[in-house]
Amino acid sequence: MSELNEATLMCIKRAKNDSFMKEKKDLMEKGSLSNNSSLLSLNSFLNGNQLLRVGGRLENSDLTFDQRHPSILPKGHHSTTVIIEDIHKKNLHASGHLLSLIRQKFWIPDSRNGFKKITHKCLTCLRLTSYYNNAINGSIT
């Protein structure tokens, strides 16, 4: 299990280095993001593993550290897509609450559109949706 967690951590670091190098550099050098950063509204910070995390008002809550400060993943990156697909499949194609499942550990800017793309491409979800729609309309007896 620790190898799997290490591999996931390495994929996340790679994705962030590909997408958020300027933000990471700003936080390391200046301690704050530049005014034109897309992550400025998230109160981002770097943790001990050099991962970008969301700051904010949940600091004093009883939630776990990962839930209070989810790791920021770049939208549209291959690693982000793989992580979303994995959580989607592990939770039995949970389309309705996929967003809340992901946000327990990760923050993805414009995540709703990414989730829609994944669930619309999923053959199992497509079949289930078709089956339930037919059942509601009375086509299935």
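Some notes on this structure:
- The set of residues in the range 119-141 that are in contact with a Leu (Cβ under 8 Å, 6 or more places away or on another chain) and either small (Gly, Ala, Ser) or surrounded by 12 or more Cβ atoms within 10 Å (Cβ to Cβ) (or both) contains only Thr119.
- Evaluation of Gln50 against the conditions (1) at positive phi; (2) in a helix (DSSP H, G or I) shows that the sole unmet condition is (2).
- Any hit, the range 54-77, residues being closer than 15 Å to Thr8 by Cβ, loosely packed, with under 14 Cβ neighbours inside 10 Å, out of contact with any Asp or Glu (no Cβ under 7 Å at 6 or more places or on another chain) and not aliphatic (A, V, I, L, M): yes
Residues are listed down the side, and each one gets a yes or a no for (1) out of contact with any Leu (no Cβ under 7 Å at 6 or more places or on another chain); (2) among the aliphatic types (A, V, I, L, M):
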{"site": "Glu3", "(1), (2)": "yes, no"}
{"site": "Ala7", "(1), (2)": "yes, yes"}
{"site": "Ile12", "(1), (2)": "no, yes"}
{"site": "Lys16", "(1), (2)": "no, no"}
{"site": "Phe20", "(1), (2)": "no, no"}
{"site": "Glu23", "(1), (2)": "no, no"}
{"site": "Asp26", "(1), (2)": "no, no"}
{"site": "Ser32", "(1), (2)": "yes, no"}
{"site": "Asn36", "(1), (2)": "yes, no"}
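- Only a single item in (1) among the aliphatic types (A, V, I, L, M); (2) over 20 Å from the mean Cα position of the chain (by Cα); (3) within 14 Å of Gly76 (Cβ to Cβ) is not met by Ile108, and it is number (2).
- Taken as a whole, the structure places Asn35 among residues that are not basic (Lys, Arg) and not in a helix (DSSP H, G or I).
- Residues of the range 5-38 satisfying the condition of being closer than 17 Å to Phe106 by Cα, surrounded by fewer than 18 Cβ atoms within 10 Å (Cβ to Cβ) and among the hydrophobic types (A, V, I, L, M, F, W, C): Ala7, Leu9, Met10, Cys11
Each reported figure results from applying straightforward, stated rules to the coordinates on display, with no laboratory input. Just so it is clear, the structure is predicted and the values come from calculations on it, not from any experiment. Neighbour counts run over all protein chains shown; Cβ positions are idealised from the backbone, glycine included.
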